[in-house]
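K.L.:
Before I ask anything, here is the structure I am working with.
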Amino acid sequence: QVQLVESGGGLVQPGGSLRLSCAASGSIFTNYHTGWYRQAPGKQRELVAGVTRDGTTNYADSVKGRFTISRDNAKNMVYLQMNSLKSEDTAVYYCYARRYSGSVYYWGRGTQVTVSS
């Protein structure tokens, strides 16, 4: 079973940037697809970006061209570079991992991102 810990959230002005990090431990990281979801107040959790264990990425339409997901298997890390942030990006961001051969999702505790002037 994999454990996930997010970091890098905070308060940023519209148009600014943040980089989220997620540290994985407890299992062989390369066996997992991983990525980021977010949940804004009063809304359902939604997929932001994902990266498979072989490096294939996918993004929500709302973040394409602004966010970039990457993973470093040697360090057991996954990152989300967020540029040109908007107020509607405000949410708690959760790192997830799903074993390539399974359907169970593992979650971090989340990190708050607030975009406000």
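K.L.:
If you scan the range 54-86, which residues turn out to be of a type in the set (Gly, Ala, Ser), closer than 16 Å to ARG19 by Cα and touching a strand residue (DSSP E or B) at 6+ places or on another chain (Cβ under 7 Å)? Walk me through how you get there before you give the answer.
P.N.:
Restricting attention to the range 54-86, the residues satisfying the condition of being of a type in the set (Gly, Ala, Ser) are 55, 60, 62, 65, 70, 74, 84.
Checking the rest, the ones that are also closer than 16 Å to ARG19 by Cα come to 65, 70, 84.
Listed by number, the list holds a single entry, SER70.
Every residue, every condition in (1) of a type in the set (Ser, Thr, Tyr); (2) closer than 23 Å to TYR100 by Cα; (3) more than 14 Å from the chain's Cα centre (by Cα), yes or no:
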| site | (1), (2), (3) |
| --- | --- |
| GLN1 | no, yes, yes |
| PRO14 | no, no, yes |
| ALA24 | no, yes, no |
| TRP36 | no, yes, no |
| LEU47 | no, yes, no |
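Results for (1) touching a helix residue (DSSP H, G or I) at 6+ places or on another chain (Cβ under 9 Å); (2) farther than 19 Å from SER25 by Cα; (3) of a type in the set (Gly, Ala, Ser), shown as yes or no for each residue.
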{"residue": "ARG38", "(1), (2), (3)": "yes, yes, no"}
{"residue": "GLY42", "(1), (2), (3)": "no, yes, yes"}
{"residue": "VAL63", "(1), (2), (3)": "yes, yes, no"}
{"residue": "ASN76", "(1), (2), (3)": "yes, no, no"}
{"residue": "LEU80", "(1), (2), (3)": "no, no, no"}
{"residue": "SER84", "(1), (2), (3)": "no, yes, yes"}
{"residue": "THR90", "(1), (2), (3)": "no, yes, no"}
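K.L.:
Restricted to the range 67-117, and to residues that are of a type outside the set (Gly, Ala, Ser), over 13 Å from ARG38 (Cβ atoms) and assigned to a loop (DSSP other than H, G, I, E, B), which residue is modelled with the lowest pLDDT?
P.N.:
Selected residue: TYR100.
K.L.:
Right, another one. Filter the range 24-51 down to residues that are of a type in the set (Ser, Thr, Tyr) and modelled with pLDDT of 95 or more and give me whichever is farthest from MET82 (Cα to Cα).
P.N.:
THR34
K.L.:
When only residues in the range 92-113 that are surrounded by 15 or more Cβ atoms within 10 Å (Cβ to Cβ) and more than 11 Å from the chain's Cα centre (by Cα) count, which is farthest from SER25 (Cα to Cα)?
P.N.:
Here the answer is VAL113.
K.L.:
Let me ask something else about it. Looking for something farther than 17 Å from VAL2 by Cβ and in contact with a strand residue (DSSP E or B) (Cβ under 7 Å, 6 or more places away or on another chain) - is there at least one such residue anywhere in the range 96-103? Spell out the reasoning first.
P.N.:
First pass over the range 96-103, keeping only residues farther than 17 Å from VAL2 by Cβ: none.
No, the range 96-103 contains no residue that is farther than 17 Å from VAL2 by Cβ and in contact with a strand residue (DSSP E or B) (Cβ under 7 Å, 6 or more places away or on another chain).
K.L.:
Give the number of residues within the range 70-90 that are within 15 Å of THR111 (Cβ to Cβ) and either without any contact (Cβ under 8 Å) to a residue 24 or more places away in the chain or open to solvent by less than 40 Å² (accessible area, probe 1.4 Å) (or both).
P.N.:
If we filter the range 70-90 for residues that are within 15 Å of THR111 (Cβ to Cβ), which is where we start, we get 77-82, 85, 89-90.
In the following step, the residues that additionally are either without any contact (Cβ under 8 Å) to a residue 24 or more places away in the chain or open to solvent by less than 40 Å² (accessible area, probe 1.4 Å) (or both) were identified as 77-80, 82, 85, 89-90.
Of the residues in the range 70-90, 8 are within 15 Å of THR111 (Cβ to Cβ) and either without any contact (Cβ under 8 Å) to a residue 24 or more places away in the chain or open to solvent by less than 40 Å² (accessible area, probe 1.4 Å) (or both).
The values are calculated or read from the model by the stated rules, or taken from the named source; none is laboratory data. Given the structure is predicted, the values throughout are model-derived calculations rather than measurements. Cβ sites come from the backbone with ideal geometry, for glycine too, and all protein chains shown count toward neighbours. The accessibility values were calculated without ligands, DNA or RNA, using every heavy atom of the protein model including side chains. Shrake-Rupley method; radii C 1.70, N 1.55, O 1.52, S 1.80 Å.
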